[in-house]
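Since every read-out is calculated from the coordinates, none of them should be taken as a lab result. The structure presented is a predicted model; accordingly, all values stated were derived computationally and were not measured. For neighbour counting, all protein chains shown are included, and Cβ atoms are generated from backbone atoms with ideal geometry for every residue, glycine included.
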Amino acid sequence: MTGEQSLLCRAALGIATGSATFLLPSIQRFYSGTVDAFDRRLRIAYLATRLSLYSLIFLVLRISPRGDIRVYFYEAGRVLAGGIPYRDFTSFYAPLHTIMDASVLLIWRNPAALVALPIFFEFTALYLWLKSARLLFPRHDRTVRAAALLYLAFPASVQFVCIDGQDTIFVGNTLIPDSTTPINMYERSYIRPGDTTAADTNVMVYPLVIGPGKQ
């Protein structure tokens with residue numbers, strides 16, 4: 001697929017998903033039924049849409065992943081060959097990032113496998129964010145459902161995660177337990193600001209806090 005064809009396909013997909021963000025929240029049937037039933041259907045819809053698009057692009061059309069995925073694949077390959085990040089090769093990412101990528105390549109040695117990893121992380125993040133939203137806003141179930149429906153069709157989610165395999169979704173899973181820890185004070189729940197975890201650092205930002213060393 002040429003660059004122009006890819007751009008046209010992305011534009012068409014953006015229009016389709018953008019239109020869905022207006023359509024889905026306006027369907028009243030999504031706001032009836034139990035919370036568990038809604039969450040279950042949302043997870044099924046997420047997997048159905050993302051895996052269908054993923055299969056079409058990478059398994060049926062056999063389009064090669066582009067962008068950062070090539071870097072992920074190269075660095076993970078160096079780890080599989082026995083290399084250690086920062087010692088044997090330069091890496092733009094934290095060590096756990098490359099190790100996770102390498103573990104995925106043990107199952108399927110293909111760059112497309114590294115696109116499936118962010119899809120899995122986003123799926124788990126969606127589940128955690130729903131639970132967190134209901135913990136923080138127990139009286140606003142309708143708003144939580146509308147937000148979930150918006151995210152299901154969110155163009156950036158579809159294109160950046162499902163097609164490009166962007167790794168920023170990794171942080172979402174580790175920020176949730178930090179940012180939504182309730183502190184009981186005068187019978188109210190507060191969010192602790194500025195929290196982060198070792199997992200955030202080791203997946204994404206570790207290179208920012210280390211300096212070059214001598215051999």
Query raised in the report: Could you put ARG139, ARG10 in order, starting from the residue whose Cβ has the fewest other Cβ atoms within 10 Å?
Result: ARG139, ARG10
**Report entry** Rg [Å, one decimal], Dmax [Å, integer] - the range 94-174, C-alpha atoms
**Finding:** 14.7, 47
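Give the relative contact order (percent, whole number) for the range 42-121; include only Cα pairs under 8 Å separated by 6+ residues.
About 32 percent, as a whole number.
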Query raised in the report: Residue by residue, what Karplus-based ³J(HN,Hα) values in Hz, rounded to whole numbers, does the range 9-21 have, using 6.51, -1.76 and 1.60 with θ = phi - 60° and x for Gly and Pro?
Result: 5, 5, 5, 5, 5, x, 5, 5, 6, x, 5, 5, 5
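Sort 13-20, 70-77 for me by packing, meaning the mean count of neighbouring Cβ atoms within 10 Å per residue, highest on top.
Answer by packing, highest mean first, reads 70-77, 13-20.
Apply 1/(1 + (r/R0)^6) to the Cβ-Cβ distance of ARG139 and LEU47, taking R0 = 30 Å, and write down the FRET efficiency to the nearest 0.05.
0.55
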Report summary line: Length gained, THR124-ARG87, 0.36 nm per residue minus C-alpha separation, equals 10.1 nm
Requested in this report: Would you grab the residues whose amide H sits under 5 Å from the one on GLN166? Only those 5+ places off in sequence or on another chain, please, with H modelled 1.01 Å from N.
Outcome: VAL161
